[in-house]
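Please treat every number below as a calculation from the coordinates, not as lab data. Since we're looking at a predicted model, the values are computed, not measured. For neighbour counting, all protein chains shown are included, and Cβ atoms are generated from backbone atoms with ideal geometry for every residue, glycine included.
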Amino acid sequence: MVPPGERTMDRERAIELHPLTPERWPDLVSLFGRRGACGGCWCMYWRLPPQEYNQPSRGERNKRLLHALVESGKTPGILAYVEGNPVGWCAIGPREEFIRLKRSPYYAKALAPVDDEPVWSVVCFYIKPEHRGRGLSLPLLGAAVEFAKCQGASIIEAYPLDQGPARGQPSYTGAVSTFRQLGFQEIARRYANRPLLRLSLPPEARAP
């Protein structure tokens, strides 16, 4: 796992990984572009209930909401840089921050908690189109796990879409294989294509 703020090498490229802070907000804006990553999402899909997210003018509103979150001192995710340019994003935070997990009828059933343990959730990846397929998700996930651990997390969950051998469009919640490389294990599957994965950090690996 790669701690945020450090570098790793991937296919002869130096990848820098940093938590999103107010100073790095312009980098996220550059990465997400005019579409806010996807259809004006601005990585607010999981943070808003469906009726609030599905607004005609959601792009600017979601951008303002995420910016306010960052300015408040919260760190909603990790940025990846190649040659100084922002190229990737991984969203992570305490599960309770992601309102859609309990307010959406589908997710409330598919991804319902398996116990009462406090967990952190990895909910989204976004890789700049020209950098996809180059292995950026793995170091991003590693940095996200390290960040959560430093914040006191002991359990981290993920909710990838399992598309099987015949993969279709990219899954913004990540690939099952990526999570398994870092030790995530399936603990529930209420629907055929939606596993719930979990990484439990041993006591010696947790922040003091």
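Maximal additional length on extending the CYS150-ARG189 stretch stands at 11.2 nm, based on 0.36 nm per residue less the C-alpha distance. Summary of the geometry: segment 132-152 and segment 22-93, compared by the centres of their Cα atoms, lie 17 Å apart. The phi torsions of segment 114-126, fed into the Karplus equation with coefficients 6.51, -1.76 and 1.60 and a -60° offset, translate into couplings of 8, 7, 9, 5, x, 10, 9, 10, 9, 10, 7, 10, 9 Hz, rounded to whole numbers, with Gly and Pro shown as x. Here the label points at ALA68 and ARG132, each 7 Å from Cα along the C-beta direction, are separated by 3.2 nm in the simple model. Which value in nm describes the separation of the simple spin-label points at GLN181 and TYR106, placed 7 Å from the Cα toward the beta carbon? Spacing of the two 7 Å Cα→Cβ label points: 2.8 nm.
For the chain, a crude dipole built from +1 on the beta carbon of Lys and Arg and -1 on the beta carbon of Asp and Glu, taken about the Cα centre, is about 760 debye to the nearest 20.
Here the contact order of the chain, divided by its residue count and restricted to Cα pairs under 8 Å and six or more residues apart, works out to 20 percent. Could you tell me which of rounded, prolate or oblate describes the chain, using a ≥ b ≥ c as the square roots of the eigenvalues of the alpha-carbon gyration tensor, with rounded for a/c under 1.5 and, failing that, prolate when a/b is larger than b/c and oblate otherwise? Here the chain falls in the rounded category. Sequence gap of 8 or more, or different chains, plus Cα separation below 22 Å: how many lysine pairs satisfy both in the chain? Lysine pairs satisfying the spacing and distance rule in the chain number 4.
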